[in-house]
Amino acid sequence: MNPLQRAAFVRKASYVAAILVLFTVSMFWRGAIPVPLGTSTATAATPFRWAANHTIQNQAQRLEVWELDEREGEAEITGSALRLTLTGSRGIAVTALWLSAIDKQKRNDFHEFETRVRMVTKLQPNFITPWIFQSWNIAYNVSVEMHGSGDMYFYIVRGIQLLAEGERRNKRSPDMRYQIAFYYQNKFGVSDQVEVLRCLYDLSCMPPSERQADDFYTTASDGSKKFNQDRFQTFCEKHPHLVRRLRGQEQQYTDKRSKEKLRRATPQEIVDFLKTNWEVPSRYRVNSLKQPIDELDTSENPFPVLPPKFNQGPGEAHPELETKNDTETTGGYFTAFKAARAWYSYSLVLLPPPLIDAQGLAIPGPTSRPGEFGHDPATHRVPRLPMMIIFRQGAPRAQTYQADMEQKEGWFDEEGWVIDKPGGEPSKWWFPDDPDRPTRAKGVVAGAGRAWSLDEWRRAAEMWDRHGKDYGLSFVLGRQETLANRRGDPSSIPPELSPEQLADPVMRERYLAKIGLEFYGSNRSVTNFPYFLAAAQAEEKRATVTARKTLWKAERAAKSGIETELAIRLYKEGLDLWKQVLINNKDFHRPERSERTEEETFEYELAYMRLLVSDDERVRERANEVFQAWRGLIPFRKPAVPFPTDEFRKWRWMIPFLPVSRGAEVPATPDPLWTPANREEIKWHVVENASAKDFERIEDLEKRKQQDFSSPFVGSLAPDRLAWVGEGMKEAVRVRQGVSRKQPPPAAPGATPMATPEPGKP
């Protein structure tokens, strides 16, 4: 063998040996082959133990990010086989499928689009972005392309189910759990056609036997079918929220795009809705004949999808929770907000613990670094969005939405809903005494015996209070002073502590005190925590619920168009109650960095004033008095002879509210000042300036009560000696509601434009 051949042989042998060595090392590094002496406790085996602890397999198991680990996600054989077949071309295939999915969506080929999305998620099961983006795409972009609410609901369900499947494949992702909760909260809370979507959601939670349309009819001996009133009454009593929403008498629709209004005016139309939506996705499984049965579906496909039971959320919803009717003692009326609350709570299980000082109290601060303050990267995950302190408040926020929804839909206390108004039209009664010849309504009440919004607000107040204590958003009295004393000179504390400084208890406590004081105000501000806490604590009181209920009834009476007098009386009564609520809950009236309560207060007051201006005769009488007070200051042309009656009738519409008997006093040519717009302005001036003091001269208390139309917020100041509502807020509400205001005609120097004599006297 010549030297050249020998050199070639040595070179090839070196290559083979290097390949074998690298392959063997890679097998050790991956963990496919156990590291020798990796479990030995001998001192000499320290390097081997270190190598064994840093293999890919060992690190993946410790950090719980191993694709084949059953703790990380459920096994999916088809996707795994497909990924192995594609080997290095998986990225190319995923890109092609992603582009194809976008193209199918643009062409409105949603079936093929969903197929492409499924293939993408199978090829990238542990990359959470495709799961989140495409589920959002289906639940939002695809669903709004549907013309019918049933089809929209189906694609919202498919989007949530897709993301829930991704969460099962990636059990260590707080972002996916949070997004599932947000879909429930957003799509069934503020989206288009939300009333219809909520009704379909109710059907998904209802046992199939409860919504079987044929069961509402009985067959007579002659083969004819008769509607079963008793069966329908039982249905209304079990599911009052659904029935009340479907009837739609109290719903005010603002979505002009929506073509499907509820307003099912008869019981038969309610049953037809159940029949039309019989195949809605459900929590209950189907038998071999594809028929739903009253047995909860524990597979992967039911809807609503709920998280499993977990120790940190003993009271949250789970797949075994029964939702048979609204009066269930465990779950109550199970809405999408309660499903969202469960997923929000479930997402917190993966987060690092909050900062805790030596006394065991929470400290507001930034997200701790891995390995510090209990942050274990092996078990904890930091979400990408939103910021941590906002991420943590999802559950109490969802509970607030739940309580607010109960109020908006008319569920306040134990009174319940009277289905048929006693004075209503007999043709609109659902439960008359005699179906053939109705003389009176039976007075069926649904939802009685349970304080709906009161109970939910109490739960919200409890959750917000616990949330504030757990994450350092509410300090007890003297807490800030204690932290300031513990911190000492802040300039002597570094921005971040070294491991040695963290080991020093004194420096550690000083550092926690410093960041606690720095983050306390900013965390409360960015989360609007003071308002949510104060609102929940005020709303959980029965007096607040009573005030809300009275004002809600006033609003409904006003919008009916035929109960104006009742609406005015209820607004007056409700505003008096609301004023007492604000007096007794000063933090609710003016919480930190929020004007929401002031805004609501003036919205109530403005609605009352608009009714007074448009329909109250007492305001017209007071406006006449104001006109008489101003009349001597305005240059009218006096007629030489009494004003003729026919001429008076010709011009009377120009004079504000003047009785016919005073026609002789009317000038022949009215001043242009009294246009219809200015006449309205006088009435606005009256209602905005009339206070209870203006009616104190009426000695008869009953007559004073009848004549007094003043708002309780006029002529008084709040306990803090400021106006109840700021002028800037008033103007903002007026602009938003389209109430244009002008200045009233000027009064002479020293004159009082607002007359104060007893109403009814000249």
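All of the numbers you see were taken from the coordinates with simple rules; none came from a lab. From a predicted model like this one, the values you see are computed outputs, not experimental measurements. Please note: Cβ atoms are built from the backbone with ideal geometry, for glycine as well, and neighbour counts cover all protein chains shown.
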Exceeding 28 Å between C-alpha atoms, which entries from my cross-link table qualify? They are 549/705; 469/586; 104/290. 104/290
Karplus-derived 3J(HN,Hα), 6.51/-1.76/1.60, for each residue of region 408-424, Hz, glycine and proline x: 5, 8, x, 9, 10, 10, 7, 5, x, 10, 7, 5, 10, 5, x, x, x
Amide H within-cut-off set for residue 724, under 5 Å, with H built and near neighbours excluded: 718
Can you pull the percent of Cα pairs in region 495-567 with separation above 22 Å? 59 percent
Vicinal HN-Hα couplings computed from phi for region 567-580 (Karplus, 6.51 cos²θ - 1.76 cosθ + 1.60; Hz; Gly/Pro x): 4, 4, 5, 5, 5, 4, 5, x, 5, 4, 5, 5, 4, 5
Could you give the distance between the Cα centres of region 347-370 and region 6-56, to the whole Å? 41 Å
Could you list the residues of region 109-146 with an amide nitrogen less than 14 Å from a label point located 7 Å from the Cα of residue 310 in the Cα-to-C-beta direction? none
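Most exposed first by the Cβ proxy, i.e. fewest other Cβ within 10 Å, how do 598, 731, 500 rank? Intermediate results must be reported in sequence, preceding the final value.
Values: 598 22, 731 13, 500 8.
In order of increasing Cβ crowding within 10 Å: 500, 731, 598.
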Diffing region 705-722: the Karplus 3J(HN,Hα) column from phi (6.51, -1.76, 1.60, θ = phi - 60°), in whole Hz with x for Gly and Pro, holds 5, 6, 7, 6, 10, 5, 6, x, 8, 8, x, 9, 10, 5, x, 8, 6, 10
As straight-line cross-link partners of residue 225, the qualifying lysines (C-alpha separation under 17 Å, not fewer than 8 residues apart within one chain) are 275
Calculated FRET efficiency, residue 96 and residue 384, Cβ-Cβ r, R0 30 Å, to nearest 0.05? 0.65
Between region 531-599 and region 208-238, how many Å separate their Cα centres? 41 Å
How much net charge surrounds residue 714 when only the other residues with a Cβ under 10 Å from the Cβ of residue 714 are counted, with Lys and Arg +1 and Asp and Glu -1? -2
Expressed in angstrom and rounded, the centroid-to-centroid distance over alpha carbons for region 305-329 and region 422-473 is 22 Å
Could you list which residues have their amide H under 5 Å from that of residue 416, counting only those 5 or more apart in sequence or on another chain, with H placed in the peptide plane? 449
Counting only residues 5 or more places away or on other chains, whose amide H sits under 5 Å from the amide H of residue 355 once H atoms are built in the peptide plane? 363
Of 338/442; 541/730; 106/309, which pairs sit farther than 32 Å apart, going by alpha carbon to alpha carbon? 338/442; 106/309
Hits in region 439-481: amide N under 16 Å from the 7 Å Cα→Cβ extension of residue 542, namely 449-458
Here, chymotrypsin sites (Phe, Trp or Tyr not before Pro) of region 290-399 satisfying both criteria (DSSP loop; at most 16 other Cβ within 10 Å) are 310
Listing 492, 135, 594, 149 by rising number of other beta-carbon atoms within 10 angstrom, fewest first, gives 492, 594, 149, 135
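Using a Förster distance of 56 angstrom, determine the FRET efficiency expected from the C-beta separation of residue 106 and residue 576, and round it to 0.05.
Working: r = 58 Å, r/R0 = 1.04.
Here the calculated transfer efficiency is 0.45.
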Using 7 Å Cα-to-Cβ label points, what is the residue 287/residue 569 separation (nm, one decimal)? 5.6 nm
To the nearest 0.05, the calculated FRET efficiency linking residue 299 and residue 54 through their beta-carbon distance, R0 being 35 Å, is 0.30
